[in-house]
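Data block below; observations after.
The values are calculated or read from the model by the stated rules, or taken from the named source; none is laboratory data. Just so we're clear, the structure is a prediction, and the values are computed from it rather than from any experiment. Quick reminder, even Gly has a Cβ in these numbers, built from the backbone with ideal geometry, and neighbours come from all protein chains shown.
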Amino acid sequence: MTFNEFPPTSKSDWLNDVKKLSKGADVAHLLHYEPIPGVKVPAYSTCEDAFEKVEIVTEKQLPFKVCLPIDLNHKDWAEVIHSGVDSIALNDVLLIPEWLHFKEVHVRMEESEIQKLSLLEHQQAGGSICIKPGKDWDDYLSKITPLVNKPISGWRNLGIDIPADKNEVEQLEFAFSMANLFLRAREKPDTNSLRTEDIFFRMPLGSDFYMNLAKLRALKQGWYNLMSAYYLPMTEPFIIAETPNMNVLEKEMEQNLIVSTTLAFAAISGGASLFLINGLETLNNQSPDFALRMVRNIQLILKEESFTDSVSDPSKGSYFIENLTKELAEKAWEKFIEKQTD
């Protein structure tokens with residue numbers, strides 16, 4: 001049987017059939033996808049739901065790179081990174097080995113450790129630096145300003161560490177607001193050296209595959225909106241997507257490997273340049289070498305065997321994903337504009 005043998009039907013016909021089959025049961029909540037308050041899209045989308053899409057610039061400029069979060073106390077990590085790994089993630093610039101000049105290094109550090117940045121000027125490695133804000137926002141901005149004025153050569157200096165305890169709309173609004181602060185700084189006479197490539201995002205992922213995919217696409221849309229507003233060239237945003245700590249128990253090892261693979265697929269499909277799996281390195285009763293190989297292989301299989309990163313925007317054209325992206329991007333942008341006018 002081919003599709004030509006099925007009679008044509010409309011969405012309203014399908015909904016009527018659903019109501020008949022439900023025999024009076026309330027199915028209204030099944031017909032819409034509402035992951036967070038204020039974000040609601042049809043759970044079943046067809047061409048009848050087509051809308052005028054806001055074009056997302058999708059040319060792939062930044063290749064996806066395999067990255068491992070490293071604990072240098074584990075003696076087995078050095079062997080693993082020589083097999084298909086492009087970069088590593090650390091939590092302290094003091095831990096960067098001198099011989100690691102052929103790898104990218106991505107560092108997240110506390111605001112109180114900002115004085116350590118001078119050490120990077122003598123490093124042959126490059127990568128990104130993300131400084132987590134402390135409680136005093138004005139103090140953070142005063143400390144980060146030198147990186148706007150005088151970036152460290154070879155490093156992306158202005159990392160936007162998006163909080164994991166916010167919902168997706170709030171996360172996007174936070175990202176837009178921080179990026180806007182850095183872009184506004186470049187208009188001052190002493191900040192003309194700022195390159196938009198110095199700004200990047202560290203986006204925490206949640207448990208919802210569709211929301212992870214859509215919010216990464218919405219983040220790119222908001223970034224392009226800012227580029228347009230400041231009359232800047234359209235550069236692809238550098239995004240590091242990362243899982244929450246998996247808190248792996250021995251009996252949940254296989255489940256967490258599947259979850260991590262699903263999150264990695266959403267991250268790569270959504271346009272992330274790096275994907276960090278946090279927590280699998282603590283697998284109970286497993287050697288650190290085994291855990292690191294699992295983290296590495298998840299990314300290698302998706303990249304080298306599934307060619308997931310070869311397509312610029314795999315979900316483009318999906319009515320559901322396009323609708324959800326549009327909803328998230330518009331809600332977050334509205335929230336961002338409201339805060340700017342307060």
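Can you tell me which residue is surrounded by the fewest Cβ atoms within 10 Å (Cβ to Cβ) among those in the range 222-242 that are touching a residue at least 24 places away in the same chain (Cβ under 8 Å) and either part of a helix (DSSP H, G or I) or aromatic (Phe, Trp, Tyr) (or both)?
Result: Tyr230.
List, please: which pairs have Cβ atoms under 6 Å, are six or more places apart or on different chains, and start with a residue in the range 126-155 that is over 16 Å from Asn180 (Cα atoms) and hydrophobic (A, V, I, L, M, F, W, C) and end with one that is part of a loop (DSSP other than H, G, I, E, B) and modelled with pLDDT of 75 or more?
Ile129/Asn157
Please tell me if Asp26 is at negative phi and at pLDDT 75 or above.
yes
Kindly establish whether Leu219 is crowded, with 21+ Cβ neighbours inside 10 Å, in contact (Cβ under 8 Å) with a residue 40 or more places away in the chain, touching a Phe, Trp or Tyr at 6+ places or on another chain (Cβ under 7 Å) and under 19 Å from Trp333 (Cα atoms).
yes
Restricting to the range 105-119, name every residue that is loosely packed, with under 15 Cβ neighbours inside 10 Å and at pLDDT 80 or above.
Glu110
Could you count how many residues in the range 264-290 are under 19 Å from Asp86 (Cβ atoms) and either at pLDDT below 70 or aliphatic (A, V, I, L, M) (or both)?
Within the range 264-290, residues that are under 19 Å from Asp86 (Cβ atoms) and either at pLDDT below 70 or aliphatic (A, V, I, L, M) (or both) number 9.
So, in the range 303-342, how many residues would count as being closer than 16 Å to Lys215 by Cα and of a type in the set (Val, Ile, Thr)?
Total satisfying the criteria: 2.
For the subset of the range 287-330 comprising residues that are among the charged types (D, E, K, R) and touching an Asp or Glu at 6+ places or on another chain (Cβ under 8 Å), which member is surrounded by the most Cβ atoms within 10 Å (Cβ to Cβ)?
Lys303
Determine whether Gly84 is at pLDDT 75 or above, within 31 Å of the chain's Cα centre (by Cα), of a type in the set (Gly, Ala, Ser) and more than 30 Å from Phe290 (Cβ to Cβ).
no
Look at Leu100 and say whether it is more than 23 Å from Pro237 (Cβ to Cβ) and either at pLDDT below 70 or assigned to a helix (DSSP H, G or I) (or both).
Taking the combined requirement at face value, the residue satisfies it.
If I go through the range 132-180 residue by residue, how many of them are surrounded by 15 or more Cβ atoms within 10 Å (Cβ to Cβ), charged (D, E, K, R) and out of contact with any helix residue (DSSP H, G or I) (no Cβ under 8 Å at 6 or more places or on another chain)?
Residues in the range 132-180 being surrounded by 15 or more Cβ atoms within 10 Å (Cβ to Cβ), charged (D, E, K, R) and out of contact with any helix residue (DSSP H, G or I) (no Cβ under 8 Å at 6 or more places or on another chain): 1 in total.
Could you grab the pairs with beta carbons closer than 7 Å, sequence gap of 6+ or different chains, first residue in the range 27-45 and of a type outside the set (A, V, I, L, M), second one surrounded by 12 or more Cβ atoms within 10 Å (Cβ to Cβ) and at pLDDT below 75?
So the pair list comes out as Pro42/Asp49.
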